[in-house]
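None of the figures in this text is laboratory data; all of them are computed from the coordinates on show. In this text the structure is predicted, and so the values were computed from the model without any measurement. FYI the Cβ positions are ideal-geometry reconstructions off the backbone, even for glycines, and counts take in every protein chain you see.
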Amino acid sequence: MSREVAYFPGCSLKTIDRAYDVSTRLVARDLGLGLVEVEDYACCGAGELKGNGINSYYLPARNLGHLLRQGQVDVMVSCNVCYHELSRAAYAWTHQAQIGEQINDMLRAAGEPPMTQSASVRNTLDYLINHVGLEAISRRVVRPLTGLRVAPYYGCLYHRPQAMVSSVQVAGEHPEHPHFMHDVLRTLGAQVIAHPAETTCCGGKNLLSDEEIAGRLTGRILSQAKAAGAEVLSLMCPKCAGGLDALQPRAVKAVGEGARLPVVYYTQLMAIAFGHSPEASGLREMESGGLTVIQRLMRQLASAAPV
Amino acid sequence: MAKGAGIVERSLVRDADILEHENFVLDGIDVSGRWNTMLKSRVHASRDLQAWDAVRQNLVATSIDRCIQCGMCTAGCTVAHEIPDFNPRQFIYWVRTGRTEELKQQANVVWRCVGCYVCTHHCPKGVNTAEVIETIGQWLATVVPNRMDPAFHANHHAYRRQLARRGRLSLPMLQATFLRSLGRQHELWSPEMQKTVLKMLWDGRAFKALAMGRPRRWRKNRRHVAAQA
């Protein structure tokens, strides 16, 4: 391994969204990254403790404290919710002195390692593009996704809020029209389908408690991507996957058949392009037909290949 | 005739603000019929600032005081496009002008914020609107819990309980707790869920979710998770 970087998978990737974790690890290994998990992790807070004032920083700061104790400063995060929570805590610790002190007081009182310096929280997508580089990615592509019509979907917490100066903003991501996923998908040889719902919210926070609105919001995203001509939606957040993939029947119920669209993680598309099998990329664990789309693509590629 | 049927732009007026009389004599003049429909006075005489005090005491929500009521938050709001009554600019206005009663009447709407941060992103004055609205919602949950949907409380408690006990989230267990506390556990076996549940049992993810463990010495961390602001 040429390079080591800390990695925070979080609760979802450790359990039901294993596909995202597995494909992130495959891609990282191919690109020469050694992932070192943050030890003794806790939940990032998952956005559920936001109304709790200073306590809302506790869980993400605890994770960053453990990261720093491991001697790491950079941490790569795949889940958008974890990425947002950790970035939020890192920002508050660095730029809001009063909050920073209170965070460390809480951590010390609980016997946890305090934050000793500003941690650098990197989104996996940003890390792959800006640390590894599109050129290195394109060198690994052995099975270009030629002809696959992919709609990129970023969700909310990847690039918002802008004032939080998270790693994607430092890297120069466009705050209204992010394009890093577009860039990666193009590098994989896919046909990128732009659509109006690339950054609209899936309503994931109230996926359980406000089913009706969550159904309409996910339905809106899926139908807009499909109407733009996509055959598969590429996402980067396990919370979005909950509504767009596993609970897609709700979206279909809310807005009709136009919302029926296979959904996969962008890391899975990368793994496929890097030559891994659909099964190894975790496509069997997707609920909305991602496996079928990729198998069809692979048949097309095989029949088009020169004998 | 429906209440206030004669009012132009009827949808903008709340039922509770319309006064109608069978026979109404005003200064000796009989104004029965169409002309006896009155609107309650909009003079705002009693400012109730308890919501404002609560929100400002919360470190993450102090930015509420920078609001200039421009409405960029509501203009871009994800939820406002789906629920016309969801209006973050108006919620902030009610808090800061002491219209606590109006705010409480919308308690079942305020919590529906999805936390997408479009409002915070668009705010020209640096209000962290998303976290302000979340804070207002949490305050309402402590003062008028009964006006909020049982699903809100079920979701809230399922998350808090699991975070406090285990320090990690097991989403299948979260969903089970949520549905059980609403008496809807049969939905775990609904056609839309059944396929996923069986698959997770088959490929071992269900087992992983049950056996995810908890962080070391978790007991000492608990109070920060269970605490209110």
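Think of segment B:150-226 as a dipole: +1 on every Lys or Arg Cβ, -1 on every Asp or Glu Cβ, centred on the Cα centre; then among B:159, B:197, B:225, B:225 lies furthest on the positive end. Within chain B, the cysteines lacking any other cysteine Cβ closer than 4.7 Å to their own Cβ are B:67, B:70, B:77, B:113, B:123.
The reciprocal of the average 1/r between distinct C-alpha atoms defines the Kirkwood hydrodynamic radius, which for segment B:79-186 equals 15.2 Å. Residue exposure proxy: A:33, B:201, ordered by other Cβ atoms within 10 angstrom of their Cβ from fewest to most, comes out as B:201, A:33. Note on A:298, A:106: ascending count of other Cβ atoms within 10 Å places them as A:298, A:106, the fewest first. Each of residue A:134 and residue B:34 was given a label point 7 Å from its Cα along the Cα-to-Cβ line. The distance between the two points is 6.6 nm.
A Gaussian network model of chain B, with springs between Cα atoms under 10 Å, assigns the largest mean-square fluctuation among B:37, B:97, B:62 to B:37. The spacing between segment B:158-229 and segment B:104-127, judged by their C-alpha centroids, is 27 Å. Note on segment A:47-198: Cα-only Rg and Dmax are 17.6, 56 Å. In this rough spin-label picture, where each label sits 7 Å from Cα along the Cβ direction, the residue A:118-residue B:187 distance is 4.4 nm. When segment B:24-126 is described by a simple charge dipole with +1 on each Lys and Arg Cβ and -1 on each Asp and Glu Cβ, the residue from B:117, B:39, B:74 located farthest towards its positive end is B:117. Decide, for segment B:150-226, between rounded, prolate and oblate: order the square roots of the alpha carbon gyration tensor eigenvalues as a ≥ b ≥ c, take rounded if a/c falls under 1.5, and otherwise choose prolate if a/b is larger than b/c, else oblate. Judged from the Cα gyration tensor, segment B:150-226 comes out oblate (a/c at least 1.5, b/c at or above a/b). The label-point distance for residue B:53 and residue A:292, in a model that sets each label 7 Å from Cα toward Cβ, rounds to 6.0 nm. Cα centroids of segment A:270-301 and segment A:186-220: 21 Å apart. Shown in residue order for segment B:130-139 are the 3J(HN,Hα) couplings computed by the Karplus curve 6.51 cos²θ - 1.76 cosθ + 1.60 at θ = phi - 60°: 4, 7, 5, 5, 4, 5, 4, x, 5, 5 Hz (x for Gly and Pro). Helix A:58-69 and the longest principal axis of the C-alpha atoms of chain A enclose an angle of approximately 90°.
Look at where the Cα atoms of segment A:108-146 and of segment B:13-89 average out, and the two centres are 47 Å apart.
Restricting segment A:233-307 to GluC sites (Glu not before Pro) that sit in a DSSP loop and have at most 13 other Cβ atoms within 10 Å of their own Cβ leaves A:279. Diffusion of segment B:16-172 by Stokes-Einstein, at 25 °C in a medium of 0.890 mPa s and with Rh set to the Kirkwood radius over alpha-carbon pairs, works out to 137 µm²/s. Ordering B:165, B:205 from the fewest to the most neighbouring beta carbons within 10 Å gives B:165, B:205. Solvent-free Debye calculation, one equal scatterer per alpha-carbon of the protein assembly as shown: log10 I(q)/I(0) at 0.07 Å⁻¹ equals -0.42.
For segment A:107-165, the square roots of the Cα gyration tensor eigenvalues, ordered a ≥ b ≥ c, give a/c of at least 1.5 with a/b greater than b/c, which places it in the prolate category.
So if the hydrodynamic radius of chain A is defined as the Kirkwood radius over C-alpha pairs, what does Stokes-Einstein give as its diffusion coefficient at 20 °C and 1.002 mPa s, in µm² per second? Estimated via Stokes-Einstein, D reaches 109 µm²/s. Taking a ≥ b ≥ c as the square roots of the Cα gyration tensor eigenvalues, segment A:3-124 comes out prolate, since a/c reaches at least 1.5 and a/b is larger than b/c. For segment A:205-307, relative contact order (Cα pairs under 8 Å, six or more residues apart, normalised by length) works out to 27 percent.
Checking every one of the GluC sites (Glu not before Pro) in segment B:1-107 against DSSP loop status and a limit of 12 other Cβ atoms within 10 Å picks out B:9, B:22.
Along the axis of the charge dipole computed for the protein assembly as shown (Cβ charges of +1 for Lys and Arg, -1 for Asp and Glu, origin at the Cα centre), the listed residues B:94, A:288, A:157 are led at the positive end by A:288. Check each of the trypsin sites (Lys or Arg not before Pro) in segment B:1-98 and keep only those in coil by DSSP with at most 13 other C-beta atoms within 10 angstrom; list them in order. Of the trypsin sites (Lys or Arg not before Pro), the ones in loops of segment B:1-98 whose Cβ has at most 13 other Cβ atoms within 10 Å are B:3, B:14, B:40, B:42, B:47.
From largest to smallest, the equivalent ellipsoid semi-axes obtained for segment A:164-307 from the alpha-carbon gyration tensor read 25, 20, 14 Å. In this structure, the residue pairs whose Cα-Cα separation is over 31 Å, taken from B:3/B:125; A:205/B:125; A:226/B:199; A:253/B:199; A:205/B:195; A:205/A:253, are B:3/B:125. By the Cα gyration tensor, segment B:1-106 has an equivalent ellipsoid whose semi-axes, rounded to whole angstrom, run 36, 18, 10 from largest to smallest. For chain A, the longest principal axis of the C-alpha atoms and the axis of helix A:80-95 are separated by about 30°.
Relative to a virtual label point 7 Å from the Cα of residue A:170 in the Cα→beta-carbon direction, which members of segment A:44-84 show backbone nitrogen distances below 19 Å? Residues A:60-84 fall inside that zone. For the protein assembly as shown, a crude dipole built from +1 on the beta carbon of Lys and Arg and -1 on the beta carbon of Asp and Glu, taken about the Cα centre, is about 1340 debye to the nearest 20. Shape index of segment B:1-43: Rg/Rh, with Rg the Cα radius of gyration and Rh the Kirkwood radius from the inverse mean 1/r over Cα pairs, equals 0.98. Relative contact order for chain A: what is it in percent, counting Cα pairs under 8 Å that are at least 6 residues apart? That works out to 18 percent.
Relative to the dominant Cα principal axis of chain B, helix B:191-202 is inclined by about 20°.
As a calculated quantity, the FRET efficiency between residue B:199 and residue A:253 at R0 = 22 Å, using C-beta atoms, amounts to about 0.60.
Taking amide H atoms as placed 1.01 Å from N in the peptide plane, the amide H of residue B:19 lies under 5 Å from those of B:38, B:39, B:40, each 5 or more residues away in sequence or on another chain.
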